[in-house]
Amino acid sequence: MTFLYTNFKSVRTLMMAGVAIVALGACASNRSSAPSPDYSGMSAGQSQASLGELSARYKSNPRDKGVIIHYAAALRAVGQPQQAVAVLEVGIDAHPKDVDISVAYAKALTADGRFDQSLAVLDNVIRPDVPDWNALLVKGATLDQLGRNGEARELYTQALTIMPGEASIEANMGLSYAMTNELGTAEQHLRRAVQMRGASSQIRQNLALIVGLQGRFDECRALYAAELPPDQVNNNITYVRALLTQQNRWDKIAKG
């Protein structure tokens, strides 16, 4: 889920960047939903091109499950969560019992700030006997945005027992600690995440952010430079420096 293009919005928003982005199959003992695609690591131009292509495919076949999920993800990546919600509401009508559509819908609701609705959708999806790690991940991100960080971390821990070594779960755990200004712990989790399967450019950029917020600008710049063109690197470094000059900067980050 990208929510980070040439600048940052908030750590709360970044929570969604690592959610459910790796296309892995189900565990042998657990049916897992197919994670939502991630368009967040693209440049603005690439995101718009993908959105245009997916929009055309959606118009030609609005009931296609894969197109619905990808189109909604692309819409979220360009900052249109309300339209993503609308697309997935059509998808819910077409596929009323589909777990993948339901989790994508919850993710879009969270991106639109409709947290209670998202949690209601997820609670209908998550089975206590065979919980879906992807749904747990999205619920954790939603709880983090509500400031219920301890509960969120419990869900990430549960998700990791189902899908150990999954980068998106470890990354969200790190960002959860960042939201409570525990930057050292946040960095530890993100460094583990970037070594795991499915580690995305977005996760590596999130690590750069956390390193930068600890004042290690040379290392921060190097991490960004491995992922982004020079102008975006400079923009991000400028933003990190600006955050560090702000009093109560974490309040600013949390509010977006």
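The values are calculated or read from the model by the stated rules, or taken from the named source; none is laboratory data. Keep in mind the model is a prediction, meaning the values are calculated, not measured. Heads up, the Cβs are rebuilt from the backbone with ideal geometry, glycines too, and the neighbour counts pull from every protein chain shown.
Numerical summary
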read-out: Some residue of the range 89-97 being aliphatic (A, V, I, L, M) and within 16 Å of the chain's Cα centre (by Cα); value: no
read-out: Residue count for the range 66-119, restricted to those that are under 14 Å from Ala141 (Cα atoms), in a helix (DSSP H, G or I) and of a type in the set (Gly, Ala, Ser); value: 5
read-out: Some residue of the range 7-21 being assigned to a helix (DSSP H, G or I), modelled with pLDDT under 95 and either surrounded by fewer than 16 Cβ atoms within 10 Å (Cβ to Cβ) or among the charged types (D, E, K, R) (or both); value: yes
read-out: The range 178-202 residues that are within 20 Å of Asp144 (Cα to Cα), paired with ones that are at pLDDT below 90 and outside any helix (DSSP H, G or I) (beta carbon under 7 Å, 6 or more apart); value: Gln202/Thr2; Gln202/Leu4; Gln202/Asp38; Gln202/Ser40; Gln202/Gly41
read-out: Output for the range 185-217, where each listed residue is within 18 Å of the chain's Cα centre (by Cα) and at positive phi; value: Gly198
read-out: Pair list, Cβ < 9 Å and 6+ apart or interchain, from the range 110-124 residues that are closer than 12 Å to Gln145 by Cβ to residues that are crowded, with 16+ Cβ neighbours inside 10 Å and acidic (Asp, Glu); value: Ser118/Asp112
read-out: Set Ser29, Ser60, Ser43: member being at pLDDT 85 or above, more than 13 Å from the chain's Cα centre (by Cα) and surrounded by fewer than 20 Cβ atoms within 10 Å (Cβ to Cβ); value: Ser60
read-out: The lone exception for Asn124 - which of (1) part of a loop (DSSP other than H, G, I, E, B); (2) farther than 28 Å from Arg241 by Cα it fails; value: (1)
read-out: Matching entry among Asp144, Asp129 (being surrounded by fewer than 24 Cβ atoms within 10 Å (Cβ to Cβ) and either farther than 20 Å from Asp38 by Cβ or out of contact with any strand residue (DSSP E or B) (no Cβ under 8 Å at 6 or more places or on another chain) (or both)); value: Asp129
read-out: Qualifying residue in the range 102-109 (condition: buried (at least 18 other Cβ atoms within 10 Å of the Cβ), closer than 20 Å to Gly79 by Cα, under 16 Å from the mean Cα position of the chain (by Cα) and of a type in the set (Lys, Arg)); value: yes
read-out: Selection count where residues are surrounded by fewer than 16 Cβ atoms within 10 Å (Cβ to Cβ) and aromatic (Phe, Trp, Tyr), scope the range 147-177; value: 0
